[in-house]
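Data first, discussion second: the structure below is written as structure tokens.
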Amino acid sequence: MNTKTGIVEPSFLEHKGKYKGLFSWIFSTDHKRIALLYLFSILTFFAVGATLGLLMKFELIAPGKTIMTPQAYNAFFTLHGIVMIFAVVIPGLPAVFGNFMLPIMIGAKDVAFPRINLLSWYLYVTGVSLVLISQFTGQGPPDTGWTFYAPYSFRTTGNMLPAVFGAFVLGFSSILTGLNFLVTMHRMRAPGMTWLKMPLFPWTLYATGWVQLLATPIIGITLLMIVAERTLHIGFFDPTLGGDPLLYQHLFWTYSHPAVYIMILPAMGAISEIITTFSHKTIFGYKFMVVSAMAIAFVGYFVWGHHMFTSGMSGTALYTFSLLTFLVAIPSAIKVFNWISTMHQGSLDLQTPFYWAIAFIFVFMIGGFSGLILGSLAANVHLHNTHFVVAHFHFIVFGGTGFAFFGAMHYWYPKITGKMYDTRWANIGLVLFFIGFITLYGPMFYLGFKGMPRRYYDYDEVFHAGNIISTMGSWVLYSGLAIIIINLFASLKSRSKAPSDPWGGKTLEWTVPSPPPVENFDEIPVVTKGPYDYK
Amino acid sequence: MNTTPEIHRDDLASKTGMWFFLFTEMLLFGGLFIVYSIYRFRNAEAFHLAAHELNVAIGTINTIILLVSSTTIAMSITAIQKKNKKLALIFLGTTILLGLAFLVNKYFEWGEHLKEHIYPGSAVLALRGQGDVLFYGLYFFMTGLHALHIIIGLVFIGVITAMIYRDKITSDNFVLLENSGLYWHLVDLIWIFLFPLFYLIT
Amino acid sequence: MDLPLPPVLSHYLNLTIIMENEKNHIIPYRTFLYVLALLITLTLTSVAITQIYLGTLTVVLALVIAAVKSSFVLRIFMHLKFEQKMFSIAVIAVVLILCVVIIITFLDYLYR
């Protein structure tokens, strides 16, 4: 209720603006509506990517052909990677929860450039459409893997151009979102909210914004070079013309490694929010959390060569990248210590988001440790391009960003929808999902260690048992996922009504109604205290 | 709802946004500079010789054209601040003409190469050796991408010029003019580095 | 930029203060023309210098001159000299990051 006028303002969901119906959504510049547009798109493409994964795992349940040809398998893992990386996990948390929560958490009415925000979503939809078009036109879908390595990416007859161009457009969307968030935080923090009074989710979005801004253009230009190779035979990566395929890998990973920090930093920010709220305790080591986020973003720029240890780089490059890779793990470890220390002697409220946060810490650490193993040169020679790598990145990306995404979904669900989800089904879904997750990806560490290659359609009989377990894990995971998503949608119809602050959170989003009105605040708050002022 | 409408304009936010966008452009061309530096290192002799085939005179003239155009657009801001709309329009018109002159020069320069069948993917170029292929590949790609940015810049400046003509940009509200200037200066900056790297490494 | 506004003041304001820290700073035409003269001189110098064969020093000198020209364009034409320090720091940081990426890439190519 607006305390000045006494009028109950409609929520942003009920608000009647210039347009009606669908157009009131797809022409809206309200950051909250744009966030939901992204949520709808991202969940759709996540379903596509997950189904592709499910089918890939089914193919791998036995050696030899199960349900698809080898060429189809190549196309499947290519699309699975492109969709999951560029259309789900990179936009993921920033586009959905960053868009929805950032302005509210810093006491602003919207982002700095609302129309550019909408343009970001249009570019996102365009980019993914181009990628999907590549599946159904030309001489067959792309089959290079999402990494588009040269020289195959310019020699294959697969339909690379729409896919590559789609990725380029998606990159542009990411850049504009990062730019928007950076300027928003620089210019629109509420009076009294100094940088060091800003909550941690915005801080991680800030670090992420710089990575989006400075790393994405590199892949932009690299993709354009692939287009030039395919269309003009320009020769940058063609060994017959003097080019070096390895230079493609350098350029590609110079973006794609920082990209994983785009994926994980906002996830870490969301986890910080969830843990402080459900521990009813301020974050342990706020300043270290801020500095470690910036450190991850910064050092993360210089480790890309660890994706290329067996490619033929010089010895100097090898040990430089290995050393830097070990260094970048340190700020992540600091975060884990601080999360645990926050929980220690806190007043724990065991809710669904908190379970997701604890699960996150567990799988993130496994993923992180396996990353250190891969970062060791000698071990990498044995493990590169095996299923060990596949396990590593699924633990840390799906486990990391994915778990944080679901945690954030449940944490902010009451705020966004004004309703409460069904806790029982949410927890059942989580347990099923978790069991499925470990069963699906755990065996891959062993399989990879034993030598099973990745991106191979077929495998030796000695790997069969592990694959059976893994594939069954995918079924359990998928059903858990279905329960979680269905529960969140079904709960929209419930009669529950969520208060402004169902969890006892202290950040600004919990001071506005659930769901928030269009302009978030009646009056811009004046901030005098730190973000997690529990006493 | 508030009954008094809030007129909110944050010029510093607008300018900050433009600077951040310029950073992305710097990194975009930066990727090409990475490629250039590696291939120059590996084909130093061939790059050195191929650079001789570029016309230093046209390159120098183009460099000066862009420097003057940067000057004129900067002066147009001073003109607007001094409420001299006519002078601002003259400066902006000059900037646009200079930009077009640059493109015309480029057209003739490229035409010379095309006449000799030197272009990415041509058989003639492939026969000349890998160093030449890479040099000219980078030459066409980088100056081509740069020319595309000149075109974008000219369109941007054109729009701004029209807005000044219609008094949508005035001495109280000229951040869009500043932003178009920033973009144009960036295009100039890129050329400041392209020029020596292609024309002067003889 | 971070001064908290008393709630009373923000409540009654219906025109947000335009936050320009150099709203009234006007650079004279003359300054731009001096800089242009300098830039053209540097350009012609770099052309002249590179006609002399100096080995690798040629490239270095050409790039140094380019860097000097750039700093004038950045500081005067692009107004960095008169903006908040943060902008200059950001520009330098971006350039440095690019340089470090190039250097690290060379760690591969130099020592293969």
query: In this structure, is C:F106 in a helix (DSSP H, G or I) and in contact with a Ser or Thr (Cβ under 7 Å, 6 or more places away or on another chain)?
result: no
query: Can you tell me which residues in segment B:42-53 are more than 10 Å from chain A (Cβ to nearest Cβ) and either in contact with a Leu (Cβ under 8 Å, 6 or more places away or on another chain) or buried (at least 20 other Cβ atoms within 10 Å of the Cβ) (or both)?
result: B:F47, B:A50, B:A51
statement: The number of residues in segment A:445-469 that are touching a Leu at 6+ places or on another chain (Cβ under 9 Å) and under 22 Å from A:I366 (Cβ atoms) is 6
- prompt: Residues of segment A:520-535 being within 14 Å of chain C (Cβ to nearest Cβ) and under 30 Å from the mean Cα position of the chain (by Cα), which ones?
  reply: A:F521
field: Selected residue [without any contact (Cβ under 8 Å) to a residue 12 or more places away in the chain and buried (at least 19 other Cβ atoms within 10 Å of the Cβ)] from B:G30, B:G99
entry: B:G30
- prompt: Quick check: is even one residue across segment C:58-75 within 14 Å of chain A (Cβ to nearest Cβ) and among the hydroxyl-bearing types (S, T, Y)?
  reply: no
- line: Only one of B:A162, B:A88 is part of a helix (DSSP H, G or I), away from chain A (no Cβ under 14 Å), in contact with a helix residue (DSSP H, G or I) (Cβ under 6 Å, 6 or more places away or on another chain) and not polar (S, T, N, Q), namely B:A88
- prompt: Which of the following residues is in contact (Cβ under 8 Å) with a residue 12 or more places away in the chain and within 18 Å of the chain's Cα centre (by Cα): A:V128, A:V111, A:V164?
  reply: A:V128
query: Has segment B:97-111 got any residue that is under 21 Å from the mean Cα position of the chain (by Cα), within 11 Å of another protein chain (Cβ to nearest Cβ) and modelled with pLDDT of 95 or more?
result: no
- request: Among the residues of segment A:304-359, write down those that are away from chain C (no Cβ under 14 Å) and outside any helix (DSSP H, G or I).
  value: A:H344, A:Q345, A:G346, A:S347, A:L348, A:D349, A:L350, A:Q351
- request: Just give me the residues in segment A:224-248 being more than 7 Å from chain B (Cβ to nearest Cβ), surrounded by fewer than 23 Cβ atoms within 10 Å (Cβ to Cβ) and not acidic (D, E), in sequence order.
  value: A:L224, A:V227, A:R230, A:T231, A:P239, A:T240, A:P245, A:L246
Residues (out of contact with any helix residue (DSSP H, G or I) (no Cβ under 6 Å at 6 or more places or on another chain) and under 30 Å from A:P10 (Cα atoms)) located in segment A:457-491: A:I485, A:I486, A:L488, A:F489, A:A490, A:S491
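Okay, residues lined up against (1) at pLDDT 90 or above; (2) among the aliphatic types (A, V, I, L, M); (3) crowded, with 20+ Cβ neighbours inside 10 Å:
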{"site": "A:T3", "(1), (2), (3)": "no, no, no"}
{"site": "A:V8", "(1), (2), (3)": "no, yes, no"}
{"site": "A:E14", "(1), (2), (3)": "no, no, no"}
{"site": "A:K20", "(1), (2), (3)": "no, no, no"}
{"site": "A:W25", "(1), (2), (3)": "yes, no, no"}
{"site": "A:R33", "(1), (2), (3)": "yes, no, yes"}
{"site": "A:S41", "(1), (2), (3)": "yes, no, no"}
{"site": "A:L55", "(1), (2), (3)": "yes, yes, no"}
message: Residue pairs, Cβ under 7 Å, 6 or more apart or interchain, first in segment B:55-68 and more than 10 Å from chain C (Cβ to nearest Cβ), second of a type in the set (A, V, I, L, M). List them.
response: B:I65/B:L98; B:I65/B:A101
message: Please verify whether B:N179 is away from chain A (no Cβ under 14 Å) and either over 21 Å from C:K69 (Cβ atoms) or not hydroxyl-bearing (S, T, Y) (or both), treating the condition exactly as stated.
response: no
- prompt: part of a loop (DSSP other than H, G, I, E, B) and out of contact with any Cys (no Cβ under 6 Å at 6 or more places or on another chain), is that true of B:E53?
  reply: yes
- request: Identify all residues within segment A:147-161 that are surrounded by fewer than 20 Cβ atoms within 10 Å (Cβ to Cβ) and touching a residue at least 12 places away in the same chain (Cβ under 8 Å); write none if there are none.
  value: A:T147, A:Y149, A:P151, A:T156, A:T157, A:L161
- request: Output yes when any residue across segment A:449-457 is of a type in the set (A, V, I, L, M) and out of contact with any Pro (no Cβ under 7 Å at 6 or more places or on another chain), and no when none is.
  value: yes
- prompt: Could you say whether any residue in segment C:28-48 is within 12 Å of chain A (Cβ to nearest Cβ), over 12 Å from the mean Cα position of the chain (by Cα) and not in a helix (DSSP H, G or I)?
  reply: no
- prompt: For residues in segment A:502-512 being hydrophobic (A, V, I, L, M, F, W, C) and in a helix (DSSP H, G or I), which is surrounded by the most Cβ atoms within 10 Å (Cβ to Cβ)?
  reply: A:L508
task: Could you grab me the full set of residues in segment C:82-105 that are free of Cβ contacts under 8 Å to residues at least 60 places away in the same chain and exposed (fewer than 14 other Cβ atoms within 10 Å of the Cβ)?
output: C:K85, C:M86, C:I89, C:I92, C:L96, C:C99, C:V100, C:I103
- prompt: Assuming B:G121 fulfils every condition listed in (1) outside any helix (DSSP H, G or I); (2) within 19 Å of B:H48 (Cα to Cα) apart from one, which condition is it?
  reply: (2)
query: Which members of segment B:124-159 meet the condition of being free of Cβ contacts under 8 Å to residues at least 60 places away in the same chain and within 10 Å of another protein chain (Cβ to nearest Cβ)?
result: B:L125, B:A126, B:V133, B:G137, B:F140, B:G144
Selected residue (only one of B:T16, B:T71, B:T24 is among the hydroxyl-bearing types (S, T, Y), within 11 Å of chain A (Cβ to nearest Cβ), surrounded by 22 or more Cβ atoms within 10 Å (Cβ to Cβ) and under 15 Å from the mean Cα position of the chain (by Cα)): B:T24
- request: Identify the single condition in (1) within 14 Å of chain A (Cβ to nearest Cβ); (2) in contact with a His (Cβ under 9 Å, 6 or more places away or on another chain) that B:I77 does not satisfy, given that it satisfies every other one.
  value: (1)
field: Number of the condition not met by A:G466 [criteria: (1) closer than 29 Å to A:F46 by Cα; (2) surrounded by fewer than 19 Cβ atoms within 10 Å (Cβ to Cβ); (3) modelled with pLDDT of 95 or more]
entry: (2)
message: Of everything in segment A:114-125, what is free of Cβ contacts under 8 Å to residues at least 60 places away in the same chain and either crowded, with 19+ Cβ neighbours inside 10 Å or at positive phi (or both)? Give them in sequence order.
response: A:L123
message: Please list, ordered by residue number, the helices (runs of 4 or more DSSP H) wholly in segment A:389-501 having 2 or more residues that are without any contact (Cβ under 8 Å) to a residue 40 or more places away in the chain.
response: A:423-449, A:464-490
query: Out of (1) touching a residue at least 60 places away in the same chain (Cβ under 8 Å); (2) outside any helix (DSSP H, G or I), what's the single condition that is false for A:I234?
result: (1)
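The values are calculated or read from the model by the stated rules, or taken from the named source; none is laboratory data. No experiment lies behind these values; they were computed from the predicted model shown. All Cβ positions, even for glycine, are placed from backbone atoms using ideal geometry, and neighbour counts span all protein chains on display.
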